[in-house]
Amino acid sequence: MSAKDRFHDAVKKALIKEGWTITHDPLYLDFDSNRIQIDLAGEKLIAAEKGVEKIAVEVKSFLSPSTIYEFHLAVGQCFSYRIALSSQEPERQLYLAIPIFTYQEFFRRPFAQKTIQEAKIEIVVFDPTEEVITQWKL
C-alpha cells in the first residue's frame with residue numbers, strides 16, 4: 001500500500017462536511033493484473049428521484065520543488081484511473097483534489113488550464129487548513 005498524501009485527511013474531512021459519505025479509503029480496482037488505488041471514494045444522495053452521486057478522489061499536495069513534475073504525474077494518474085473506473089465503476093466521477101494555493105499559483109495558468117481541459121480532468125479545490133472544499137471545477 002502506498003503512503004497517504006499529506007492532505008488526505010483534510011480532503012476526507014472536507015468531503016464529509018459537504019455531505020459526502022466516504023465509502024472507500026482507499027478505493028481499490030483490479031485492472032489487467034494491476035491493482036490501482038484511488039485515495040478516496042464517496043457517495044451522496046442527490047434527490048430521491050435522481051439517486052446517488054458517486055465520486056472517486058485522487059488527492060495531491062503539490063509540495064515538491066517541481067510543481068510541473070507533480071502535475072505531469074497527476075495528469076497521467078488521472079488518465080489511467082479514469083480508464084480503470086470506466087470499466088469497473090462507470091457511474092463514479094473522478095476528481096483530482098488540489099490545495100487552494102496550488103490552484104491559485106499554478107492551475108489558473110493557461111498551460112495548466114488547457115492541459116486539464118484536454119485531459120478532461122475534473123478538479124476539486126480544497127483549503128487544507130480549514131479542511132473545506134472551496135470549489136468544484138468541471
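The values are calculated or read from the model by the stated rules, or taken from the named source; none is laboratory data. Here the structure is a predicted model, which is why all the values come from computation and not from measurement. All Cβ positions, even for glycine, are placed from backbone atoms using ideal geometry, and neighbour counts span all protein chains on display. In case anyone asks, the SASA skips ligands and DNA or RNA and just uses the protein heavy atoms, side chains included. Shrake-Rupley method; radii C 1.70, N 1.55, O 1.52, S 1.80 Å.
Summary table
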{"quantity": "Residue count, the range 47-76 (criterion: open to solvent by 30 Å² or more (accessible area, probe 1.4 Å), closer than 24 Å to Asp127 by Cα and in contact with a strand residue (DSSP E or B) (Cβ under 8 Å, 6 or more places away or on another chain))", "calculated": "3"}
{"quantity": "Hey, Ile133 open to solvent by less than 30 Å² (accessible area, probe 1.4 Å), at pLDDT 95 or above and farther than 19 Å from Lys12 by Cβ or not", "calculated": "no"}
{"quantity": "Set Ile22, Ile36: member being under 24 Å from Gly76 (Cα atoms) and surrounded by 14 or more Cβ atoms within 10 Å (Cβ to Cβ)", "calculated": "Ile36"}
{"quantity": "Residues (among the basic types (Lys, Arg) and within 21 Å of Arg92 (Cα to Cα)) located in the range 110-136", "calculated": "Lys120"}
{"quantity": "Among (1) of a type outside the set (Val, Ile, Thr); (2) open to solvent by less than 20 Å² (accessible area, probe 1.4 Å); (3) touching a helix residue (DSSP H, G or I) at 6+ places or on another chain (Cβ under 9 Å) - the single one Phe79 does not satisfy", "calculated": "(2)"}
{"quantity": "The range 100-125 - residue that is outside any helix (DSSP H, G or I) and either β-branched (Val, Ile, Thr) or touching a Phe, Trp or Tyr at 6+ places or on another chain (Cβ under 7 Å) (or both) and, of those, most open to solvent (accessible area, probe 1.4 Å)", "calculated": "Glu122"}
